[in-house]
Amino acid sequence: MKNNFLKLNLLIVCFLLVASGIFAQEKQDTLKPLKGDWGFVLNLAGLVDNISLGTRSDINNNNTVLAKYQLKDNRALRIGLGLYSKRENNFAADSISLLSGNRAWREVDSIETRFDFSVALGYEIQFEGTRRLMPYVGGELVVGRIGNTKIDATTEITDKLGTQRIKRIIQQDGGMSFGVNVLAGFNYFFAEHISIGAEFNLGYMASVRGGDQSESVVDTPVSGQQTSSFINSKGGTSDRGFDVNSTAGLLLSFYF
């Protein structure tokens, strides 16, 4: 009797172990991301024979990288980082006629610089859906900085008498942007941890651009005294209001 009881207990334990293993396997048998997974979202554009991948646009209309971290199997943290760095170098040269009647060679060399960034932080609630389909809703807070613009230009005019040099520096204040979005969307997982989906955003956006503007000019002639001038002014724009954005069918997500 005692041996039969031990055998029965052993069978029950074995059954529970096997059942728990099958349950764990079924729990992992999903194409969707699980707790601790990271994901990255890209824009999918073009037709079947001309498909391209790119980054999304931020509140400043610059490229941004959107990452998702699964806090739970059905909860995700959204982190967006947008960066824009501009250093544009322009050079032009041509032949001109001076007031003296002499022909001269003019060279203009300029550098324009600016740096923008934005940070987005959001939270996503994901619904069960099906094995492949994952609907979600969420919210997002976005803050952006529009960088100052600086243009540093040098003009050299050379004739038979020598070279005149004109140094011009233009500076313009940037601005700030702020947004709050409510979002809803879905992901369809056609392969493990790879999905295509759509997202709709309804949000409030406010931005302020401009402020102080200045231009300084230093003119060094071939002969005579160097002259300089400085002009300071103010100007800017502000925008605020609600906006609806749709990226239906254009989101490709990778999780790992």
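Computed from the coordinates by the stated procedures, all read-outs in this text should not be read as laboratory data. All of these numbers come straight from a predicted model, not from anything done at the bench. Reconstructed Cβ throughout: ideal geometry from the backbone, glycine too, with neighbour counts over all protein chains shown.
Where in segment 145-183 does the amide nitrogen come within less than 20 Å of the point 7 Å from the Cα of GLU107, taken along Cα to Cβ?
152-169
At a 10 Å Cβ-Cβ cut-off, how would you order PHE189, PHE127, fewest neighbours first?
On the way: PHE189 22, PHE127 11.
Result, fewest neighbours first: PHE127, PHE189.
Could you line up GLU107, GLU124 from fewest to most neighbouring Cβ atoms inside 10 Å? Before the final figure, lay out the partial values.
Numbers: GLU107 14, GLU124 20.
The fewest-first ordering by Cβ neighbours comes to GLU107, GLU124.
Could you please rank LEU81, LEU31, placing first whichever residue has the fewest other Cβ atoms within 10 Å of its Cβ? Could the numbers behind the result be given before it?
Details: LEU81 14, LEU31 19.
So the residues, fewest neighbours to most, are LEU81, LEU31.
In nm, what is the difference between 0.36 nm times the number of residues separating ALA153 and SER233 and their Cα-Cα distance?
Details: separation 80, 0.36 × 80 = 28.80 nm, distance 1.93 nm.
Fully extending the segment from ALA153 to SER233 adds 26.9 nm.
By a straight-distance test (C-alpha under 18 Å), which aspartates and glutamates pair with LYS86 as possible cross-link partners, with residues fewer than eight away in the same chain excluded?
Filter leaves ASP58, ASP109, GLU112, ASP116, ASP152, ASP173.
With a Förster radius of 22 Å, plug the Cβ-Cβ distance of LEU141 and LYS72 into 1/(1 + (r/R0)^6) and report the FRET value to the nearest 0.05. Spell out each step's value before the answer.
Working: r = 21 Å, r/R0 = 0.93.
It comes to 0.60.
Efficiency by 1/(1 + (r/R0)^6): what FRET value for VAL244 and TRP38, r their Cβ-Cβ distance, R0 = 25 Å, to the nearest 0.05? Intermediate values should be presented prior to the final figure.
Details: r = 29 Å, r/R0 = 1.15.
The pair VAL244/TRP38 has a calculated efficiency of 0.30.
Could you work out how far the C-alpha centroid of segment 219-245 sits from that of segment 106-147, in angstrom?
Spelled out, the Cα-based centre of one part sits 29 Å from the other.
If a paramagnetic tag sat 7 Å from the Cα of ALA184 along the Cα-Cβ line, which residues of segment 114-136 would have the backbone N under 20 Å from that point?
Of the residues in segment 114-136, 122-130, 133-136 have backbone N under 20 Å from the label point off ALA184.
Calculate, in nm to one decimal, what ASP219 and VAL119 gain on full extension: separation in residues at 0.36 nm each, minus their alpha carbon distance. Working shown, then result.
Values: separation 100, 0.36 × 100 = 36.00 nm, distance 4.24 nm.
Between ASP219 and VAL119, full extension yields 31.8 nm more.
Cα gyration tensor of segment 35-255, axes a ≥ b ≥ c as square roots of the eigenvalues: rounded (a/c below 1.5), prolate (a/b > b/c) or oblate? Working shown, then result.
Working: a/c = 4.13, a/b = 2.60, b/c = 1.59.
Because a/c hits 1.5 or more and a/b exceeds b/c, segment 35-255 counts as prolate.
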